[in-house]
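The structure under discussion appears below in the form of structure tokens.
The values are calculated or read from the model by the stated rules, or taken from the named source; none is laboratory data. All figures in this text were calculated on a predicted structure; none of them were measured in a lab. All Cβ positions, glycine included, derive from the backbone under ideal geometry; neighbour counts span all protein chains shown. Only protein heavy atoms, including side chains, enter the accessible area calculation; ligands, DNA and RNA are left aside. Shrake-Rupley method; radii C 1.70, N 1.55, O 1.52, S 1.80 Å.
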Amino acid sequence: MKLVFTAAIDSDAAALAALHSAVSEDLTRRFGHGFWSSTQTEASVLRALRKPKFSRVLIARLNNRIVGTLHLATKKPWAIDTAYFAAAKAPLYLTSMAVHPDVQRKGIGRLLMKEAEAVARAWPADAIRLDAYDTKAGAEGFYAECGLREVGRVTYRRVPLVYFELVLTR
């Protein structure tokens, strides 16, 4: 297995939108329609890619095929309440993550998280924060296994969420 991690570029946008759609369709098939059923468009992927000062889109390629991605951003997402998190001067927010259903449970997501941690340390950031759906379709067990600490559970606009954080020490 030849897994390579890189920053995404504009020419990756269509493949990234397709990856997010495949994950969304898989979750909807397995758990029914829910918050996870929306898909990303190529245009929304391009918007994230064109803000390199404020965000980074990482991709995992397996034999030259994009099989995983995550998006780190300096801007706090709408559903995050910072009162739940440790004090941090420069947190990064993991705003989306996807691993293609064909290759899930093979360690790619865990390796993506390790790569995200390395990027965050080099940024330099002092924490990675995220929210995950507090449902059967959510990935809270995955984030806990990756070493992130659960810091709270909230309902935001009728969406049940679990907050996670990884404090980065120097």
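Overview of values
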| quantity | calculated |
| --- | --- |
| Shape category assigned to the chain from the gyration tensor of Cα positions, a/c cut at 1.5 | rounded |
| Debye, to nearest 20: dipole size of the chain, +1 on Lys, Arg Cβ, -1 on Asp, Glu Cβ | 260 debye |
| Portion, in percent, of the accessible area of the chain that falls on carbon or sulfur, probe 1.4 Å | 52 percent |
| Accessible area per residue, Å², the chain with all protein chains present, probe 1.4 Å | 55 Å² |
| Leading residue at positive end of dipole, region 23-94 (Cβ point charges), from LEU58, TRP36, VAL23 | LEU58 |
| Environment charge at GLN104 (Cβ cut-off 12 Å; Lys +1, Arg +1, Asp -1, Glu -1) | +2 |
| Within-12-Å neighbourhood charge of LYS76 [Cβ basis; K, R +1; D, E -1] | 0 |
| Residue-count net charge about VAL67 - beta-carbon cut-off 14 Å; Lys, Arg +1, Asp, Glu -1 | +2 |
| Heavy atoms of TRP123: accessible area, 1.4 Å probe, square angstrom to 10 | 60 Å² |
